[in-house]
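**Student:** Okay, handing you the structure first.
Here, each number is a calculation from the coordinates, and none is a lab measurement. The structure displayed is predicted, hence computed values, not measured ones. Backbone-built Cβ (ideal geometry, glycine too); neighbour counts: all protein chains shown.
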Amino acid sequence: MDTLGLKWDRLVGVTTDGCPSLTGKNVGLLKRMQDKVTEIDPDQKLVFLHCIIHQHVLCKSVLKMNHVIDVVTKIVNFIRARALNHRQFVSLLEEHETEHSDIGYHTAVRWLSLGKMLKRLWELKAEIREFYKKKGKDIPELSDEDWMADFAFAVDVTALMNELNTKLQGKGLFVHEMHSLVKAFMRKLQFLSSQLDSNNLTHMQTLKEVTPSADYLRRYSSKLGALHGEFSRRFEDLRMIEDEMHMISSPFTCSVADAPSDVQLELIDLQSDA
């Protein structure tokens, strides 16, 4: 920042990918940045956020879905890695007149496409089984009820995260609008978790297709609870500026007492004019 001539007193927030070397509370980069800002203004608190677009981190550390994603990636790579396999698979889809005419190529760096890829493989699972049989290969996971239940759960959850990511990447969004989207998503996680605990699959359409056992539903409910906790941790600093965000989103109804002191008189004038 010094090299680029950026002013430390203008720094209000930092977003990272959440790796320990950046977020360590005692020696991490964020701690050092906060210390630097505090030297200039003891009252200034930085807002630290963790990026949520990297879904593989959430899937690996919270949902623990690697056993699903690894198999799905292997299937896609088997079909797409060789030109002959790919042509034969496309021909098979044409014969069956399926909704999808191909299967997307997946690599480890294209995690934003994860939800779409999982959904397409789920919809083409019968054709994939047939293709593997014709090639003299076996894919035992597609016949394993427990694995298929985990697969269905992964399809539904990644679809939810993709929906949130798409909304958050919209143009012209203010921070209070993005915060509202995240809060709504967290409420959905709590709601879906409680529904799974009650054996209710109304909003988990893919999972409904495999009718998992009550034990599995409780496990999925626990995973959604863990995901809620992770989102709460990643966005906990936004609570520090919740009053300011409320003032921006609802200036005519927000509490003057909770507003920053330097705008309180101006806020009274604004609300009086209204």
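**Student:** Pick out, from 198, 72, 152, the residue whose Cα sits farthest towards the positive end of the charge dipole of the chain, with +1 on the Cβ of Lys and Arg and -1 on the Cβ of Asp and Glu.
**Tutor:** Of the listed residues, the answer is 72.
**Student:** OK, next. Which net charge results when you count Lys and Arg as +1 and Asp and Glu as -1 among the other residues whose beta-carbon is under 14 Å from that of residue 41?
**Tutor:** Once positives and negatives cancel, what remains is -1.
**Student:** What is the gain in length, in nm to one decimal, between residue 208 and residue 273 on full extension, counting 0.36 nm per residue of separation less the C-alpha to C-alpha distance?
**Tutor:** Contour length minus the Cα-Cα distance gives 18.0 nm.
**Student:** List every residue whose amide H lies under 5 Å from the amide H of residue 47, counting only residues 5 or more places away in sequence or on a different chain, with H placed 1.01 Å from N in the peptide plane.
**Tutor:** It is 13, 14, by chain and number.
**Student:** Under DSSP H, which helices of the chain have Cα atoms covering 27 Å or more of the helix axis and a Kyte-Doolittle average no less than 1.0?
**Tutor:** TM-like helix candidates: nothing returned.
**Student:** Rounded to two decimals, what ratio of Rg to Rh does the chain give with C-alpha atoms and a Kirkwood Rh? Spell out each step's value before the answer.
**Tutor:** Values: Rg = 23.8 Å, Rh = 22.0 Å.
With Rg and the Kirkwood Rh in hand, the quotient comes to 1.08.
**Student:** Test of understanding: extend the Cα→C-beta vector of residue 15 to 7 Å, then name every residue of the range 224-243 with backbone N under 15 Å from that spot.
**Tutor:** 234-238
**Student:** Okay, helix-only estimate at 222 nm for the chain: each DSSP H run of n ≥ 4 adds -39500 (n - 2.57), divide by all residues, round to 500 deg cm²/dmol; what do you get? Kindly include the intermediate steps, with their values, before the conclusion.
**Tutor:** Numbers: 13 runs with 160 residues, N = 274.
One gets -18000 deg cm²/dmol as the mean residue ellipticity at 222 nm.
**Student:** Still on this structure: With only Lys, Arg, Asp and Glu charged, each at its Cβ (+1 for the first two, -1 for the last two), find how big the charge dipole of the chain is about the Cα centre; round to the nearest 20 debye.
**Tutor:** Approximately 1260 debye in magnitude.
**Student:** Excluding same-chain residues fewer than 8 positions from residue 7, which aspartates and glutamates have a Cα within less than 20 Å of its Cα?
**Tutor:** 35, 39, 41, 43
**Student:** Could you calculate the FRET efficiency of residue 39 with residue 81 from 1/(1 + (r/R0)^6), where r is the beta carbon distance between them and R0 is 51 Å, rounded to 0.05?
**Tutor:** Numbers: r = 55 Å, r/R0 = 1.07.
With R0 = 51 Å, the Cβ-Cβ based efficiency is 0.40.
**Student:** Determine the gain in length on full extension of the stretch residue 30-residue 134; use 0.36 nm per residue of separation and subtract their C-alpha separation, reporting nm with one decimal. Let's see the in-between values first.
**Tutor:** Working: separation 104, 0.36 × 104 = 37.44 nm, distance 5.46 nm.
The residue 30-residue 134 span can extend by a further 32.0 nm.
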